[in-house]
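Notes follow the structure.
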Amino acid sequence: MTHLTKLLGASAALAISAGAALADPAIIYDLGGKFDKSFNESAFNGATMWADETGGSFAEVELQSDAQREQALRRFAEAGNNPIVMAGFSFETPLNEIAPDYPDTTFVIIDAVVDQPNVRSVIFNEHEGSYLVGVLAAMASETDTVGFVGGMDIPLIRKFACGYAQGVMATNPDATVVANMIGTTPEAWNDPAKASELTLAQISQDADVVYAAAGGSGLGVLQTAADEDIYGIGVDSNQNYLHPGQVLTSMVKQVDTAVYNAFSQGEDLETGLMVMGIENEGVGYAMDDNNADLISEEMMTAVDEAAAAINAGDIMVHDYTSDESCPAIDF
Amino acid sequence: MNRMPTWADVILVPLVSLLLAAFFSAIVLLAIGENPWEALKLMVEGSVGSTYAWGYTLYYATNFIFTGLAVAVANHAKLFNIGAEGQAQLGGLGVALVCLFLPFPHWSIALIVAICAGALFGAAWAAIPAFLQAKRGSHIVITTIMFNFIANALLVYLLVNVLKPSGTMEPATASFPDAAHLPSFNAMFSSEETVRFRGAPANVSFFVAVAACIGVWALIWRTRLGYQLRAFGHSESAARYAGISPTKIIMVAMLISGGLAGCMAINNVMGEAERLVLNSVEGAGFIGIAVALMGRSHPFGVFLAALLFGFLYQGGAELALWASIPREMIVVIQALVILFTGALDNMVRAPIERIFNRVGRPPKPERKLEPAE
């Protein structure tokens, strides 16, 4: 995958390098800030990866307020930045208004779908990736109880939880999934202390594997899991290295690849809907030296079978956001 | 005692404070390897250099005027309302409900109804802590801040489970119908030849905010209720002795305060986003505390302080867009300005007073300004 993207990226970069100085790409991070150790940082890494490889430069901004979404989009478009990548579903409404005003600019939105001729919408099948780590969690659990800690109770996080619960239940129908959300304000994405408390509470309910989908707060989950000698599961980027031997795996979501590809393809990138799933390695579970001993042969076979079945369409992982309900867990 | 001529008090002291803030900000910028002069130019041009820039500055200022007034009114009765954040969120809910579910023939009617709805919801949210303070003595600081979290939780629940149109990812209501869209400055002030305030969110609610300033001034200094409010604020026992009911004053002050905070929603929810999003207030309720303190709880002071904060917000945004200054540094610069103009006011005032005294020209006896604490 990485080799392929590098190859593709290099050739694309060569093709556009002549005009690149005129139209630097731009990226807009969401309110979480670019160093959130999670979603935005992954987008930043993708952009940096592109800049390091091509020697190009890009414009970027971290938003402080919702009112700045439209402002940043318009200002970058007027300054000639192209393409303009934005990380986060909150751009859906402003982009819908702005995209027709700048028909010569190409926009890329991550995590939402905007149906305009000059917009590429990149969405991730987080439910599929979460299903896979759910399979691993169910097999690793000895108490038949696994936990889920989400950041804020929004549809996106329910999508993670729902896929995870389905993976767990499909593997072990007797299992219990304990799910909690950290908070009701955006601080919930950056509250490792409370995440840690919730993890302790879930451990007291017998959970011995806890999956964190909570941005920066997830670090608290993984830390507590390591301290209490149970397994944590990381999210978004590969977080296995944080506590080697205690992080069962990570549900990786290749936001960096999405940004990297968009930047590499430059202003001529293909617009339309782009779904990043298991098939094109947009989502998946992370394996490396840090968790090699935790995943047995049997688990490996099971999770690979599940992945293949999802690809083949034999397993349909229910997407919470499609109808706002989940067969495996109640919210 | 204040021996300074008025011009020194009103212009010189804030100016020196601002210069000091700029000086220390410059040091910070130099330390991270940025050019402070360029940064200043970006900030000033980006926030007051064009109608577009003013459009953003005034938009932020409108938010801060409402929340600043909310804190100021409560402050006159010595009630520290730090719940403007939650009250403004509930105001947003009220505005969103009427905009979504009532068919309006014209925006002006929508605006009036939305003001009522926002004020009603904000006031209702302030009423519970006020009642607890008046009847049970539960401290208003504790209860209002806790109500901020309850408001947040309520909004998350409503937006995720009730008000969100199905199929969308973002926890937000649908966009309001066209009839409920407020005219922006762009629509109001652009002529056919020149486009002004292009793409800027400032809208007609700025004038509502200015009217609210005048209204609050009249209320506090020109009505019996305002007198009772101030009397209660200065001394509860004296007010009680004079026959003023503490329960009534606490309730009324907090209802007005919450209502003003709730009115902020006509700007950010109805005027800008045209739908209700999660966390729509974005800390304006807390900024309101700084605005009220800096404005000495006087509506005119609140207005000026809100403008300054609008400048800082919009200037900061432009800085973030065009300079490679991390946003945490922008917060540092904003904080330095607040620190010097608001909190460290006396540090500048005292030496300047001394200089004026030493220079020794006996200043003309001046008319005493309206006490505005």
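The values are calculated or read from the model by the stated rules, or taken from the named source; none is laboratory data. The shown structure was predicted, so the numbers you read here are calculated from the model rather than taken from an experiment. For neighbour counting, all protein chains shown are included, and Cβ atoms are generated from backbone atoms with ideal geometry for every residue, glycine included.
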Does segment B:293-301 contain at least one residue that is in contact (Cβ under 8 Å) with a residue 40 or more places away in the chain, within 27 Å of residue B:30 (Cα to Cα) and crowded, with 21+ Cβ neighbours inside 10 Å? no
Condition check: part of a helix (DSSP H, G or I) and either in the same structural domain as residue B:176 (by TED's automatic domain parsing) or not polar (S, T, N, Q) (or both). Does residue B:33 satisfy that? no
Return only the number of the condition from (1) closer than 30 Å to residue B:226 by Cβ; (2) not in a helix (DSSP H, G or I) that residue B:70 does not satisfy. (2)
Residue by residue through segment B:167-187, note down the ones that are out of contact with any Ser or Thr (no Cβ under 9 Å at 6 or more places or on another chain) and facing chain A (nearest Cβ under 9 Å). B:171
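In segment B:189-216, which residues are part of a helix (DSSP H, G or I) and surrounded by fewer than 18 Cβ atoms within 10 Å (Cβ to Cβ)?
B:189, B:207, B:210, B:211, B:214, B:215
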In segment B:151-176, what count of residues is obtained for those that are more than 27 Å from the chain's Cα centre (by Cα) and outside any loop (DSSP other than H, G, I, E, B)? 4
If I filter segment A:140-150 for residues that are within 14 Å of chain B (Cβ to nearest Cβ), closer than 17 Å to residue A:222 by Cβ and either part of a helix (DSSP H, G or I) or touching a strand residue (DSSP E or B) at 6+ places or on another chain (Cβ under 7 Å) (or both), do I get at least one hit? yes
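Would you be able to tell me the number of residues in segment B:196-237 that are hydrophobic (A, V, I, L, M, F, W, C) and either touching a Phe, Trp or Tyr at 6+ places or on another chain (Cβ under 9 Å) or outside the structural domain of residue B:298 (by TED's automatic domain parsing) (or both)? First the steps, then the outcome.
Residues of segment B:196-237 that are hydrophobic (A, V, I, L, M, F, W, C), as a first pass: B:197, B:200, B:202, B:204, B:206-214, B:216-221, B:225, B:229, B:231-232.
Still in the list and also either touching a Phe, Trp or Tyr at 6+ places or on another chain (Cβ under 9 Å) or outside the structural domain of residue B:298 (by TED's automatic domain parsing) (or both): B:197, B:200, B:202, B:204, B:206, B:208-210, B:212-213, B:217, B:220-221.
Residues flagged as hydrophobic (A, V, I, L, M, F, W, C) and either touching a Phe, Trp or Tyr at 6+ places or on another chain (Cβ under 9 Å) or outside the structural domain of residue B:298 (by TED's automatic domain parsing) (or both) within segment B:196-237 amount to 13.
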Quickly run through segment A:80-122 and pick out the residues that are within 21 Å of the chain's Cα centre (by Cα), part of a helix (DSSP H, G or I) and free of Cβ contacts under 8 Å to residues at least 60 places away in the same chain. A:92, A:93, A:95
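Quick test for you: out of B:104, B:80, pick the one residue that is closer than 30 Å to residue A:183 by Cβ, assigned to a loop (DSSP other than H, G, I, E, B) and more than 14 Å from chain A (Cβ to nearest Cβ). Before the answer, list the steps.
Working: B:104 fails: closer than 30 Å to residue A:183 by Cβ.
Answer to the check: B:80.
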Is it the case that segment B:305-315 has a residue that's in contact with a strand residue (DSSP E or B) (Cβ under 9 Å, 6 or more places away or on another chain) and farther than 19 Å from residue B:14 by Cα? no
May I ask you to verify whether residue B:179 is within 25 Å of the chain's Cα centre (by Cα) and assigned to a helix (DSSP H, G or I)? no
Based on this model, can you work out whether residue B:135 counts as touching a Pro at 6+ places or on another chain (Cβ under 7 Å) and among the charged types (D, E, K, R)? no
By residue number, the members of segment A:310-331 that are surrounded by 15 or more Cβ atoms within 10 Å (Cβ to Cβ), away from chain B (no Cβ under 14 Å) and assigned to a helix (DSSP H, G or I) are A:310
With the requirement that a residue be within 13 Å of another protein chain (Cβ to nearest Cβ), modelled with pLDDT of 90 or more and buried (at least 23 other Cβ atoms within 10 Å of the Cβ), what does segment A:162-197 give you? A:182
Restricting attention to segment A:157-183, the residues that are touching a residue at least 24 places away in the same chain (Cβ under 8 Å) and either charged (D, E, K, R) or out of contact with any Asp or Glu (no Cβ under 7 Å at 6 or more places or on another chain) (or both) number exactly 18
